[in-house]
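To start, the structure itself, in structure tokens.
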Amino acid sequence: MVGDTADRSEIEAAIRGQRADYVEVRLDETATNRIVYRGRELEEIGRTRSFGGNVRALLRGGWGFVSFNEPSELRKRVEEAVEAAGHVGKETSQFAEVAPVGDTVPLELKNDPRTVPLAVKKKMLDRYNETILSVDGVTSTNITYSDAHKRVLFASSEGSYIEQERIDVVSRLSATARKNGDMQQASMSLGALNDFSYVETLGETARHLGERAVELLAAPYVEAGTYPVVLDPILAGVFCHEAFGHLSESDFVYENERMKEIMVLGRQFGQPHLNIVDGAAVPGLRGSFRYDDEGVPAQKTDLIRDGILVGRLHSRETAGKMGERVTGNARALDYRFPPIVRMTNTYIERGEMSFNDLIADIDEGVYARNWFGGTTSMEMFTFSAGEAYMIRNGKVAELLRPVKLTGNLFTTLMNIDALGNDMDFNQGGGCGKAGQMPLPVSNGSPHIRIRDVVVGER
Amino acid sequence: MGALTSAYATWWWVSVDCRNRVGTGTHEQGGVLTDPEPILQAAQRLGAQRAEAFIVQSEETPVRFEANRLKEINARQTSGVALRVIVNGRIGFASSTKPGDVSELVEAALETAPFGPEAHLDFPRDGPAADVDVYDPDVEVLPVDEMIEVGQSLIDAVRAVEPELLCDAYVRRGDSTVTIANTNGGMFTYRGTGYSAWLNGTLIRGTDMLFVGDGDASCRAQLDLKAVEASVVSQLENSRRTTEARTAELPVVFTPLGIASALIGPLTIAFSGRMVHQGQSPLVGCLGKAMYDARLSLWDDATLPYRPGSRPFDDEGVGSRRNPLIEKGIVRSFLYDLQTAGLAKAESTGSAERSMAAQPSISTTSLVIDEGEMSFKEMVGRVKEGLVVEELMGAGQGNVMGGDFSGNVLLGYKIEGGEITGRVKDTMVAGNVHEALKRLVAIGSESRWVGGSVRTPPLFFESLTVSAK
């Protein structure tokens, strides 16, 4: 039971009989362990616990949202939210119908981080930190590890009552090398849902990061310009998320007539080999769950099929307003925020080409791997590679300093001209939108090749 | 900071540090988690030699507009406590937002202490705090209807100039009380208010998307809405035409919005005492040395009245001050919290900032770049071919620690023959902030606040790498 103070009958009584079109209550409780190193020093180790809740009310198309850490007087909070909604609402609520759900979803644990003593976790991270520092030329490190066990209770005025749990295991390792005032960094972000296992085997990764940071000191900057680019599955995943994923979120579209014209179903966005899917129903990934934060069952949604836009991601409100089916993509970072349309696990489906064939025809290009980050404004986006090499005469050549790539939705997706026959998922990091960050999602792809990408030198 | 669009979404690695500190505290919770005394006593009783409680209570009311009309009214109440304990010379840490959680909080902190970092700090005793105004009772009583009116009038004003603009807007008021208490007898508490408004506009023509936006923030119930309007209108006017940039080394003028979006992050991280101590700052060994253009001065100042970054003392109870970072091009000081100061044999500069999620870290408060001599108009007039940058997208993602910045020009204009000739797109600008600030043509004569925490004039760079299709 989330929050020992919350009682089912009390919650149901509080939301029943309100003068609103819809009311929901969400309570969540998260226990987090966190360990951070910087250089030789352990910077912090701590346990945090957050507990809080919110009420969201819809009336005549207007929303009221109240969040709190103090759960008592729930009925008063509900009334407050209903009153706020009434102050806003001047239209008719359009909220897609879904069947109410009563369910308790148990943890599907693989390797439970809660059973690993803090001393053992620390010893493991000590070793990775030492491994990075033992590489000649490395001057510092930064390691962050956290595991967060979250339990969420959702109840709605339509009769839904759902309890769900998850554990996010997230880490980031980073090595810094420094020489004559020049500094270079190599890093890697990893994550898993309900599974500690990957944390046990990061020794090799740690050593590679240290070595690459040192190598980067001697590496050149790319000559800025336009190149054919090959992305590894991890960076291609971030590319797919930034370049297209966010634009498929209907809250960017549903109130915007011009955007509706741009994102009209049936429009061609890519070559016929391009297929992009999002879905929390794909099991075992960081964006996976059983029900979204409006109690809608998780699904799998085709976004692009054979290069054509065929679907988009919805909350109940955006689906209702656009007259489309719900997709189970309404998600909230935690109790402080209302659910908004978000991605879950977003990926480009695999193609048929081997890596060697992907690069064989490239006389001068860039092979970019891994990520530092990515950002989109819908039409234009950037994403930065954690690792990059020149491709010369069909072969991977010299290491480059980190590069930034930029693209335009309407040309870059169309310029994906080959898809690899491999597949991998990026589960590190998190997604940020409307101040809600980092939301656990994953993204994946095979290796992909894109023509004419603008590459910046840093 | 300074994102021009609400349609702005990122991929990033920030793991758990979700700072949540805007807003206030009038909700009493039976003193269970909001009174530091029982927490400190329990910590000492259960084995801590020293302890410190950090308590935040806040209330925030944001109203949100979507697609030109009011969409949502929110009310956020938050309260939480973070506890640091020192046991046998090591620091343990725990936090909770769960009422009635005192014993679990204390036990969790004590449990982590044996594995924690060695303590190189002592908690401050009671002392005089700086006299800094951060509270305005008028904010508390601002009617929601007035906030709605502010948002709607901003939207109406810019749409009068460009009727097709689709606007989102936020107007927020908040009130928060911060309390820090420690077993050395230190007890520090203050109450602060915040009021802010932000407008984002999107203009779509065919597949071309233009994002404009600006806002203002203060601790007082007074915002300069006319300036916000004027800024957005000028962005619209400079973007009437779209033109093309070319790949070259070109002179670039960064506006205050552009500076906040791209340069402040990579510049200020180098002044973190933690980064310097760990050899992760390019300014290691540069204290007292002339590293930048001799006209450049940069301050971190938590004592400015009614600025959202201001406070009488930092989140460890150390009194606020005005820290010179760069004086006439010379590196003057780095920023420290207590633990880092102890490690580096330095003194805390009152730069500790914290959330419920983590131990204190070093942060800037309000950053101020001193004004120079040249007007923005004159800067543009001097450029034969170059760019004006209002916002670089994705600039903070790369080798930021080394000072690199690089981003897509989300909003920026081309200068040809001394005049702005239109907006550029699909263009990147890149450089290294420490290098670029050595080669300034001029510092602007007109300063403004961006996002409440950076005050800067425009900066005119001799040459940066521009790449375009």
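Every number in this text was worked out from the coordinates using simple rules, so none of it is lab data. Everything numeric here is computed off the predicted structure, so don't read it as measured data. Methodologically, a virtual Cβ is constructed for each residue, glycine included, from the backbone with ideal geometry; neighbour enumeration extends over all protein chains shown.
Summary of computed values
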| read-out | value |
| --- | --- |
| Residues of region B:163-206 that turn out to be crowded, with 19+ Cβ neighbours inside 10 Å, within 14 Å of another protein chain (Cβ to nearest Cβ) and either of a type in the set (A, V, I, L, M) or not in a strand (DSSP E or B) (or both), as a count | 5 |
| Residue match in region B:223-246 (condition: in a strand (DSSP E or B) and over 22 Å from A:Phe381 (Cβ atoms)) | no |
| Strands (runs of 3 or more DSSP E) (entirely within region A:11-126) containing at least 2 residues that are closer than 30 Å to B:Ile362 by Cα and at the interface with another protein chain (Cβ under 10 Å from one of its Cβ atoms) | A:22-38, A:41-59, A:62-68 |
| Considering residues of region B:447-469 that are among the small types (Gly, Ala, Ser) and away from chain A (no Cβ under 14 Å) only, the residue nearest to B:Thr303 (Cα to Cα) | B:Ser453 |
| Extreme residue, surrounded by the most Cβ atoms within 10 Å (Cβ to Cβ), among residues of region A:148-203 that are within 14 Å of another protein chain (Cβ to nearest Cβ) and outside any strand (DSSP E or B) | A:Val199 |
| The one condition in (1) free of Cβ contacts under 8 Å to residues at least 40 places away in the same chain; (2) closer than 14 Å to A:Arg342 by Cα; (3) charged (D, E, K, R) that A:Asp278 fails to fulfil | (1) |
| Looking only at region A:222-256, and only at residues there that are aromatic (Phe, Trp, Tyr) and more than 24 Å from A:Phe355 (Cα to Cα), the one that is nearest to the chain's Cα centre (by Cα) | A:Phe252 |
| Boolean, B:Asn74 is closer than 30 Å to A:Lys90 by Cα, within 8 Å of another protein chain (Cβ to nearest Cβ) and under 28 Å from the mean Cα position of the chain (by Cα) | yes |
| Residue in region B:396-413 that is among the acidic types (Asp, Glu) and either under 28 Å from A:Asn142 (Cα atoms) or surrounded by 24 or more Cβ atoms within 10 Å (Cβ to Cβ) (or both) present | yes |
| Filtered residue count, region B:287-307, keeping only those that are in contact with a strand residue (DSSP E or B) (Cβ under 6 Å, 6 or more places away or on another chain) and among the aliphatic types (A, V, I, L, M) | 5 |
| Wholly enclosed strands (runs of 3 or more DSSP E) of region A:357-415 bearing at least 3 residues more than 14 Å from chain B (Cβ to nearest Cβ) and in contact (Cβ under 8 Å) with a residue 40 or more places away in the chain | A:364-376 |
| Residues of region B:266-300 satisfying the condition of being within 12 Å of chain A (Cβ to nearest Cβ) and farther than 20 Å from B:Leu338 by Cα | B:Pro266, B:Pro282, B:Leu283, B:Gly285, B:Cys286, B:Lys289, B:Met291 |
| Residue satisfying condition, being in contact with a strand residue (DSSP E or B) (Cβ under 6 Å, 6 or more places away or on another chain), surrounded by 19 or more Cβ atoms within 10 Å (Cβ to Cβ) and in contact (Cβ under 8 Å) with a residue 60 or more places away in the chain, within set A:Arg34, A:Arg47 | A:Arg34 |
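Condition check ((1) within 7 Å of chain A (Cβ to nearest Cβ); (2) crowded, with 20+ Cβ neighbours inside 10 Å; (3) at negative phi) across all residues:
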{"residue": "B:Ala82", "(1), (2), (3)": "no, yes, yes"}
{"residue": "B:Ile86", "(1), (2), (3)": "no, yes, yes"}
{"residue": "B:Gly89", "(1), (2), (3)": "no, no, no"}
{"residue": "B:Gly92", "(1), (2), (3)": "no, yes, yes"}
{"residue": "B:Gly116", "(1), (2), (3)": "yes, yes, yes"}
{"residue": "B:Gly127", "(1), (2), (3)": "no, no, yes"}
{"residue": "B:Val132", "(1), (2), (3)": "no, yes, yes"}
{"residue": "B:Asp138", "(1), (2), (3)": "no, no, yes"}
